[in-house]
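Report on the structure given below.
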Amino acid sequence: MKLKYYAWMRDRMGCHSDDIVLPREIDNVGRLLNWLPTQGERFRQGLEYVDVVLVQVNGQHAHRDHPVHDDDEVALVPPIAGG
């Protein structure tokens with residue numbers, strides 16, 4: 001799976017993207033977001049505010065129950081505010 005990070009998520013993660021292999025039990029967006037912070041300090045800190053992040057799977061908005069697979073591209077897009 002390709003994980004892509006945008007805006008302040010990219011800064012917190014320290015990169016634009018990661019390639020990961022999903023464990024068999026990670027089959028939807030919600031489980032993915034719960035599992036990722038267990039994969040090391042960088043993921044724990046980078047995903048600290050994941051509850052406000054919008055998720056896209058293969059370019060389409062996805063809710064927590066949306067299925068995910070190893071060949072998907074998942075984008076984590078934080079809300080952007082301006083003044």
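Among 30, 46, which is surrounded by 14 or more Cβ atoms within 10 Å (Cβ to Cβ) and touching an Asp or Glu at 6+ places or on another chain (Cβ under 7 Å)?
Answer to the selection: 30.
For the stretch 5-24, check the following and say yes or no: at least one residue is among the acidic types (Asp, Glu) and at pLDDT 95 or above.
Here is the first cut: in the stretch 5-24, the residues among the acidic types (Asp, Glu) are 11, 18-19.
Those still in the list that are at pLDDT 95 or above too: 18-19.
Yes, because at least one residue in the stretch 5-24 is among the acidic types (Asp, Glu) and at pLDDT 95 or above.
Determine if the stretch 54-75 includes at least one residue that is among the β-branched types (Val, Ile, Thr) and within 14 Å of residue 11 (Cα to Cα). Walk me through it before giving the result.
At the first step, the residues of the stretch 54-75 found to be among the β-branched types (Val, Ile, Thr) are 55, 57, 68, 74.
Okay, now just the ones that are also within 14 Å of residue 11 (Cα to Cα), so none.
No - not one qualifying residue is present in the stretch 54-75.
Can you find, within the stretch 1-15, the residue that is nearest to the chain's Cα centre (by Cα) among those that are assigned to a helix (DSSP H, G or I) and of a type in the set (Lys, Arg)? Walk me through it before giving the result.
Let us first name the residues in the stretch 1-15 that are assigned to a helix (DSSP H, G or I), namely 8-13.
Narrowing the set further to residues that are of a type in the set (Lys, Arg) leaves 10, 12.
Working: 10: 11, 12: 12 Å.
Here the residue is 10.
Quick one: in the stretch 16-47, which of the residues that are in contact with a helix residue (DSSP H, G or I) (Cβ under 9 Å, 6 or more places away or on another chain) and in a loop (DSSP other than H, G, I, E, B) is farthest from residue 67 (Cα to Cα)?
Out of the qualifying residues, it is 16.
Answer yes or no: is there a residue in the stretch 64-72 that is without any contact (Cβ under 8 Å) to a residue 60 or more places away in the chain, in a helix (DSSP H, G or I), touching a helix residue (DSSP H, G or I) at 6+ places or on another chain (Cβ under 8 Å) and of a type outside the set (S, T, N, Q). Even if it seems obvious, please write down each step before you answer.
Taking the stretch 64-72 and keeping what is without any contact (Cβ under 8 Å) to a residue 60 or more places away in the chain, we get 64-67.
Subsequent filtering for residues that are in a helix (DSSP H, G or I) retains none.
Looking for residues that are without any contact (Cβ under 8 Å) to a residue 60 or more places away in the chain, in a helix (DSSP H, G or I), touching a helix residue (DSSP H, G or I) at 6+ places or on another chain (Cβ under 8 Å) and of a type outside the set (S, T, N, Q), one finds none in the stretch 64-72, hence no.
The values are calculated or read from the model by the stated rules, or taken from the named source; none is laboratory data. Note that the coordinates shown come from a computational prediction; the quantities given were computed from them, not determined experimentally. All Cβ positions, glycine included, derive from the backbone under ideal geometry; neighbour counts span all protein chains shown.
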